[in-house]
Amino acid sequence: FVWPVVWGRPCERGDTHQHRMRCGLTRQPTGEVRQRKGTPYKVKEQQSVDEDDIPTTAPEQEPPKAFLEEEEFLEFLYKPHTLMGLCLTVSVLAYLAFGRGTTTSEENLKAGILACCIAFLLYCVLQLRDGMLIRPHPIFWRLVNGMSIIYLMGLIFISMLDVDYVRKEFMPFMFGKDLGVEPMTNTKNYATDCRMYTPENPDKGWGNFFDAFFDVFALAHVLGWVAKALLFRDYMLLWVLSLSWEVLEVSFQHLLPNFKECWWDHYLLDVLGCNLVGMLLGMWVCRRFATAKFNWMGVSKLSTAREKVTRVLCQLTPFSWSNYHWGVLTTWKRCFQVILMLAFIELTELNCFMLKHAIWLAPGHYLVIARLVFMWLVAFPAAREYYAYITDPTCRRMGSALWLMLCIGFVETMIGVKFALQDPSMFAYP
């Protein structure tokens, strides 16, 4: 019965933390305390404060900003506008529901799918959290994130279907009646005559070489490598990707007829031609951004109309620029992480040709081009997030863009493997 004498009344369950401290059950931390992980830290001694020194009113604090924003660029663009977005969503859905007139069941089904996508994208624009990129506007990257989710859901849906139904029913229903027939360009062989010069045909002469040199896909190669240079910003990684892709083309020639090319097409036009030109142009742009003066001043602080127009155009440039130092040879772990990234990039590019060949899309079809542009937009924040994930020790989680891109790549691979197993004639054996 010494307890009431020494400690006062006993503390009951449910007492507050301050009352438990008065009762002695919780000690006030003083001096040096060691954390569970890391180095020791100091806790200041509790000092007595006079009642006269305590302020009667709390100081006014600036409310936290809801979005990443630049200084007074266009204030209207950086406000949430959730109520306005809700009204816009309801208006679009009401028009699609009541304002389309008499339609068929097929058109109603397409309108329903379109309405679901529009409502979901508007929700993503308004409610998704911002990523690491803020130019041209965080809304743009939230929209790309939402489109990634829709694309992933579409791939998962296609993965549950049979290859014949996808080719002859689903793709013509969703994207046009011209689909459903295998295009002849999918079986085109670019290695039928590998002579650069044909002496028996003087009119044609160097025609084989110039036909490949001025092909529309040569420009696509250059633009693609400019995009890769902006993504990785490292010559060594770009050369590894370039050479490994040529190895993949040679290895998969028996599966994809479009991969059959002449030796000079592989080494002269691709590696030392289009790929090298794209790398040089892309790295030149990277050097320009690395030494550029970025304008963060708001439009309202500019006086002339020319300065305001220039500032608006500068919104399409990066907010800031940093070179990537991957440190491939620093540790075994970092080397393995970079190798995994390069392997996944090659897998993603290979998926484009596999899916095109599996679901009967021509190389120049708008869906193929749209997929390439869209995957580059997704890869831009994904590469930035992956670089932060493997180089920043404080980054403990994978970004949303990176997670979505990884999932999209694996689901595309799963679709290609499944369709190849269902239709063995689609791919020839070596």
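For the stretch 288-383, what does the alpha-carbon gyration tensor say about shape, rounded, prolate or oblate, given a ≥ b ≥ c as the root eigenvalues, a/c under 1.5 as rounded, and a/b over b/c as prolate?
oblate
Calculate the FRET efficiency for Trp376 and Ser105 from the Cβ-Cβ distance with a Förster distance of 41 Å, rounded to the nearest 0.05.
The value I calculate is 0.65.
Going by average Cβ density within 10 Å per residue, which order do the peptides 138-150, 171-183 take, highest to lowest?
Per-residue Cβ counts within 10 Å, averaged per peptide and sorted highest first, yield 138-150, 171-183.
Suppose the chain between Arg334 and Arg306 were pulled fully straight at 0.36 nm per residue; how much longer would it get relative to their current alpha carbon spacing? Please list the in-between numbers first.
Numbers: separation 28, 0.36 × 28 = 10.08 nm, distance 4.70 nm.
Going from the current span to full extension adds 5.4 nm.
Extending each Cα 7 Å along its Cβ direction at Val277 and Phe319, get the distance between those two points in nm, one decimal.
Those two pseudo-labels are separated by 3.6 nm.
Could you give the length gained by full extension between Leu114 and Arg195, i.e. 0.36 nm per residue of separation minus their alpha carbon distance, to one decimal place?
Details: separation 81, 0.36 × 81 = 29.16 nm, distance 5.02 nm.
The span from Leu114 to Arg195 would gain 24.1 nm if fully extended.
Highest mean first, what order results for 225-235, 271-281 on Cβ atoms within 10 Å?
The peptides rank, most packed first, as 225-235, 271-281.
Once you keep just the Cα pairs under 8 angstrom separated by 6 or more residues, what percentage relative contact order results for the stretch 76-161?
25
Please state the shape class of the stretch 94-192: rounded when a/c is under 1.5, otherwise prolate if a/b exceeds b/c and oblate if not, all from the C-alpha gyration tensor.
oblate
Evaluate the distance, in nm, between pseudo-label points positioned 7 Å from the Cα of Ala220 and of Cys395 along their respective Cα→Cβ axes.
With each label placed 7 Å out from Cα toward Cβ, I get 3.1 nm.
Run the quick spin-label model on Met174 and Asp423: label points 7 Å from Cα toward the beta carbon, then report their separation in nm to one decimal.
So the two model labels end up 1.5 nm from each other.
Net charge around Tyr389, counting only other residues with Cβ within less than 15 Å of its Cβ (Lys, Arg = +1; Asp, Glu = -1)?
The answer is +3.
Find how much the distance from Ala343 to Met414 grows on full extension, using 0.36 nm per residue of separation minus their present alpha carbon separation; answer in nm with one decimal.
In short, 24.0 nm is gained.
Which of rounded, prolate or oblate describes the stretch 77-142 when judged by the alpha-carbon gyration tensor and an a/c cut-off of 1.5?
In terms of gyration-tensor shape, prolate.
Please find the FRET efficiency linking Leu86 to Lys293, where r is the Cβ-Cβ separation and R0 is fixed at 60 Å, and quote it to the nearest 0.05. The partial results should precede the final answer.
Values: r = 40 Å, r/R0 = 0.67.
It comes out at approximately 0.90.
Report ³J(HN,Hα) in whole Hz for each residue of the stretch 106-120, in order, from the Karplus equation J = 6.51 cos²θ - 1.76 cosθ + 1.60 where θ = phi - 60°; Gly and Pro get x.
Each residue of the stretch 106-120 in turn: 5, 5, 5, 5, 5, 5, x, 5, 5, 5, 4, 5, 5, 4, 5 Hz.
FYI, it's all coordinate maths here, none of it is from the lab. Note that the structure is a prediction, hence the values are computed from the model and not measured. Positions of Cβ are backbone-derived with ideal geometry, glycine not excepted, and every protein chain shown enters the neighbour counts.
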